[in-house]
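The structure appears right after this line, and notes come after that.
The values are calculated or read from the model by the stated rules, or taken from the named source; none is laboratory data. The structure displayed is predicted, hence computed values, not measured ones. Because the Cβ atoms are built from the backbone with ideal geometry, glycine has one as well, and the counts that use them run over all protein chains shown. Heavy atoms of the whole protein, side chains included, go into the accessibility calculation; ligands, DNA and RNA do not. Shrake-Rupley method; radii C 1.70, N 1.55, O 1.52, S 1.80 Å.
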Amino acid sequence: MVAYRSTELLAQLPREVAAQLRPHAGRIAAAIIREVQRTVPAYAQPIEGTFGKVLVQSVEQAVIHCIDRVGNPAVAHDPWLDFFRDRGRIEYRERRNMDALQAAARIGGRTAWRYISALTDQLTEISPDFVALGAEGIFAYVDELSAAAVEGYHEAQRQDAGPGDRRRRALLELIVTDAEASPKTLASMAEAAEWPLPERAAIVALEAAADAPEFPVRLLDPEVLIDLEAGEPYLLTTDPRRQLDALRGQWSGWRAAVSPMVPLSDAPAALRTARRALRLITDSAEDDPVIWCQDHLATLWLLAEDFFGAEVAKRSLDPFDPLSEKQRDRLSETLLAWLETRGGAPEIAKRLQVHPQTVRARLHQLKDLFGDRLDDADDRLGMHLALRAQQLMRAAERRETEDDQ
């Protein structure tokens, strides 16, 4: 018999606690359903039909089973994991994604614990140590149910995918991971997958917002190879302009970065480039959030390695070293504006939205700091590259911070 962490933890609680929690089971389940529907868009629909039956039954049974296991290690857990594997299969057939499923599980656990923790003053036979034990047990239980549901989801997905789909995923994985794969091996796998092997292709890195629906695979050309199960999903296209045009207006929270067309042997590098573009390029439009790497080649080359921008800055912007951070920021934006426009104070002032006299004062400071280096083309190029690298890295860091919040 498998030893489950939740069984070990919940069994240590007094059995009297289970008796006191049972009258609250229905209210706990209702609170979970309300919170899941409020916070997970995939579940924000009327509780009716198959969807309503599965949601209500799953939550109610999960709550009751958890309470039954309090102080009682003899309650069988495996049948309930099978129950949630089946629920995972239903989630796949209903075309909800795993992110929604896992988010609902996490929210359910937190909501249940908030409800129960508010009752702790009313519960007898429960000490602070038992409170901590109960929280750990509930979250272990949620993790186990979530893992079982995801397992069922994957199982249904594998069953739904025919042999051709599996062969295509294996072929795609080989193309993007093994730059030295032999032409004979590629040709053999492509023939088995019934996919015409091209000489060149583009790799498209994909990224979904937290509330994004399932990616609209059905709209893609059959020639497109795609892996949505990877930690960072991606696809391969032999005609990106034409094949991605089918998704226009249908991205719904997804972003994409398209590598240049490359020989298949360069596909691993193309995927790295596309993923780097997703991380660094933040100005894609909401209605057409596709980044074309060929439009940003200088940026992607400059930031190909984190140390490169720092090294260029150290060599080209060293006169800024003695200054305060605030002074460096002011003079950096002025120097970048001057390098990019080579305009006079009024033009730079308009770009920076400051007074022209302020710009003149800063330009004098820059002349004092850099001297004749401002007249040297090679030095100016180094300054420009360093300032652009700093600007891009700060934008990427801001975006990552916003995504984490």
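Screening Ile90 with (1) under 27 Å from Gly231 (Cβ atoms); (2) modelled with pLDDT of 90 or more; (3) β-branched (Val, Ile, Thr) gives one miss only, at (2).
Going through Ala257, Ala269, Ala208, Ala193 one at a time, which residue ends up being of a type outside the set (Val, Ile, Thr) and in contact with a Phe, Trp or Tyr (Cβ under 6 Å, 6 or more places away or on another chain)? Walk me through how you get there before you give the answer.
Working: Ala257 fails: in contact with a Phe, Trp or Tyr (Cβ under 6 Å, 6 or more places away or on another chain); Ala269 fails: in contact with a Phe, Trp or Tyr (Cβ under 6 Å, 6 or more places away or on another chain); Ala193 fails: in contact with a Phe, Trp or Tyr (Cβ under 6 Å, 6 or more places away or on another chain).
Of Ala257, Ala269, Ala208, Ala193, the one residue that is of a type outside the set (Val, Ile, Thr) and in contact with a Phe, Trp or Tyr (Cβ under 6 Å, 6 or more places away or on another chain) is Ala208.
For the range 326-344, residues that are open to solvent by less than 40 Å² (accessible area, probe 1.4 Å), modelled with pLDDT of 90 or more and either over 23 Å from Arg373 (Cα atoms) or of a type outside the set (Ser, Thr, Tyr) (or both) total 5. Scanning the range 59-78 for residues that are among the hydrophobic types (A, V, I, L, M, F, W, C), open to solvent by less than 60 Å² (accessible area, probe 1.4 Å) and over 14 Å from Ala149 (Cβ atoms) yields Val63, Cys66, Ile67, Val70, Val75, Ala76. Among the residues making up the range 259-277, a single one is over 14 Å from Val176 (Cα atoms) and surrounded by 22 or more Cβ atoms within 10 Å (Cβ to Cβ): Ala277. The single residue among Val63, Val54 that is under 23 Å from Tyr153 (Cβ atoms) and modelled with pLDDT under 85 turns out to be Val54.
Could you identify the single residue in Trp80, Trp113 that is in contact with a Leu (Cβ under 9 Å, 6 or more places away or on another chain), of a type in the set (Phe, Trp, Tyr) and closer than 22 Å to Leu9 by Cα? Explain how you work it out, then say what you get.
Details: Trp113 fails: in contact with a Leu (Cβ under 9 Å, 6 or more places away or on another chain).
The unique qualifying residue is Trp80.
Can you name the residue in the range 239-256 that is more than 20 Å from the chain's Cα centre (by Cα) and open to solvent by 40 Å² or more (accessible area, probe 1.4 Å) and is also farthest from Pro268 (Cα to Cα) among such residues? The extreme case among them is Gly249.
How many of the residues making up the range 173-194 are part of a helix (DSSP H, G or I), touching a residue at least 40 places away in the same chain (Cβ under 8 Å) and farther than 26 Å from Ala100 by Cα? Talk me through it step by step, then tell me what you get.
In the first step, residues of the range 173-194 are kept if they are part of a helix (DSSP H, G or I); the result is 173-177, 183-192.
Still in the list and also touching a residue at least 40 places away in the same chain (Cβ under 8 Å): 173, 175-177, 186.
Subsequent filtering for residues that are farther than 26 Å from Ala100 by Cα retains 175-177, 186.
Qualifying residue count for the region: 4.
Reported count of residues in the range 352-378, each being within 41 Å of the chain's Cα centre (by Cα), of a type outside the set (S, T, N, Q) and open to solvent by 50 Å² or more (accessible area, probe 1.4 Å), is 1. Per this entry, Arg388 is counted among residues that are of a type in the set (D, E, K, R), in contact with a Leu (Cβ under 7 Å, 6 or more places away or on another chain) and at pLDDT below 90.
When you look at Trp301, is it over 30 Å from Ile107 (Cβ atoms) and open to solvent by 10 Å² or more (accessible area, probe 1.4 Å), yes or no? Show your work before the answer.
On the way: over 30 Å from Ile107 (Cβ atoms): yes; open to solvent by 10 Å² or more (accessible area, probe 1.4 Å): yes.
It is true that Trp301 is over 30 Å from Ile107 (Cβ atoms) and open to solvent by 10 Å² or more (accessible area, probe 1.4 Å).
Using the structure shown, decide if Leu197 is part of a loop (DSSP other than H, G, I, E, B), under 20 Å from Glu180 (Cβ atoms) and not charged (D, E, K, R). So Leu197 fits the description; yes.
Is it fair to say Asp143 is among the charged types (D, E, K, R), at pLDDT 85 or above and in a loop (DSSP other than H, G, I, E, B)?
Values: among the charged types (D, E, K, R): yes; at pLDDT 85 or above: yes; in a loop (DSSP other than H, G, I, E, B): no.
Answer is no for this residue.
Every condition in (1) surrounded by 13 or more Cβ atoms within 10 Å (Cβ to Cβ); (2) more than 28 Å from the chain's Cα centre (by Cα); (3) not polar (S, T, N, Q) holds for Asp82 except the one numbered (1). Counting the residues of the range 208-254 that are within 22 Å of Ile175 (Cα to Cα), outside any loop (DSSP other than H, G, I, E, B) and either hydrophobic (A, V, I, L, M, F, W, C) or at pLDDT below 85 (or both) gives 6. The condition of being charged (D, E, K, R), surrounded by 17 or more Cβ atoms within 10 Å (Cβ to Cβ) and without any contact (Cβ under 8 Å) to a residue 60 or more places away in the chain holds for Arg167. For the range 93-104, the condition of being modelled with pLDDT of 85 or more and either over 20 Å from Gly152 (Cβ atoms) or among the basic types (Lys, Arg) (or both) holds for none of the residues. Scanning the range 198-219 for residues that are out of contact with any strand residue (DSSP E or B) (no Cβ under 7 Å at 6 or more places or on another chain) and free of Cβ contacts under 8 Å to residues at least 60 places away in the same chain yields Ala209, Pro216, Arg218, Leu219.
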